[in-house]
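Following: one structure in structure tokens, then a few remarks.
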Amino acid sequence: MQEPDSRVHEALSRRDLDTAGLNPAEHALMEFVRLVTEHAYRTTDADVQRLRDHGWTDPQIAECVYITALFAFFNRVADAFGLEDPGYFRNPPPRP
Amino acid sequence: MARIRWVEEAEATGEIAAAYAEWFAANPGRPTIPGILKCLSLRPDFFRDVVRVSDRLHFSDGHLTRRLKEMIATYVSALNQCPY
């Protein structure tokens with residue numbers, strides 16, 4: 001997986017949007033990614049409109065949903081099969 | 001080996017051997033098939049579909065840049081507590 005700049009990657013791998021150096025539009029998009037990942041059923045028109053207000057187009061918003069869902073697929077397959085950590089994350093996400 | 005059977009490169013025959021060969025041809029310099037893809041090896045047809053979807057959707061600029069898609073992938077994986 002191609003690494004985005006490591007500071008951004010590091011912060012995102014710690015689920016920390018605030019130190020990832022994101023601009024407001026990227027920050028809003030990542031909040032939407034979290035919503036779709038954790039409670040997609042709670043997505044509202046306002047959530048999508050907020051992204052448009054940040055300048056995201058509907059094709060971009062749609063693609064963001066596809067990527068978010070695609071990696072949910074990969075995550076679940078990898079965990080169900082029991083793939084060991086390939087070391088993408090310097091400190092892997094906690095697994096409570 | 002994962003906890004669910006998959007096909008190792010050396011034991012691949014028939015359809016999955018062909019699919020692995022295509023992947024190696026498209027990814028010169030990569031010594032092995034990524035584990036996440038080998039998870040799909042019991043359905044060679046689906047293996048090919050997922051490779052195609054990944055290439056088309058993720059590993060290319062689309063409406064979003066590849067950088068942003070990598071960021072989304074990293075964040076989603078962290079949210080899902082999945083290091084993969």
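Taken together, the values in this text are just the output of simple stated rules run on the coordinates, not laboratory data. Since we're looking at a predicted model, the values are computed, not measured. Note: ideal-geometry Cβ built from the backbone for every residue, glycine included; neighbour counts use all protein chains shown.
Annotations
- Two-site label geometry, B:THR13 and B:ASP61: point separation in nm, points 7 Å out along Cα→Cβ: 4.6
- Extents of chain B, largest first, come to 37, 27, 23 Å (Cα atoms, principal axes, whole angstrom).
- Based on DSSP H segments of at least four residues, each scored -39500 (n - 2.57), chain A has a per-residue ellipticity at 222 nm of -19000 deg cm²/dmol.
- Helix-only CD estimate at 222 nm, as mean residue ellipticity for chain B, using -39500 (n - 2.57) per DSSP H run (n ≥ 4): -14500 deg cm²/dmol
- Projected label distance in nm at A:ALA69 and A:ASP85, using a 7 Å step from Cα toward the beta-carbon: 3.1
- Cα extents of the protein assembly as shown along the three principal axes, largest first (Å): 52, 34, 32
- If R0 is 45 Å, the Cβ-Cβ spacing of B:ASP45 and A:TYR41 corresponds to a FRET efficiency of close to 0.90.
- Each residue of the range A:40-48 was assigned a 3J(HN,Hα) from its phi angle through the Karplus curve 6.51 cos²θ - 1.76 cosθ + 1.60 (θ = phi - 60°); the sequence is 4, 5, 8, 4, 10, 4, 5, 4, 6 Hz, with glycine and proline shown as x.
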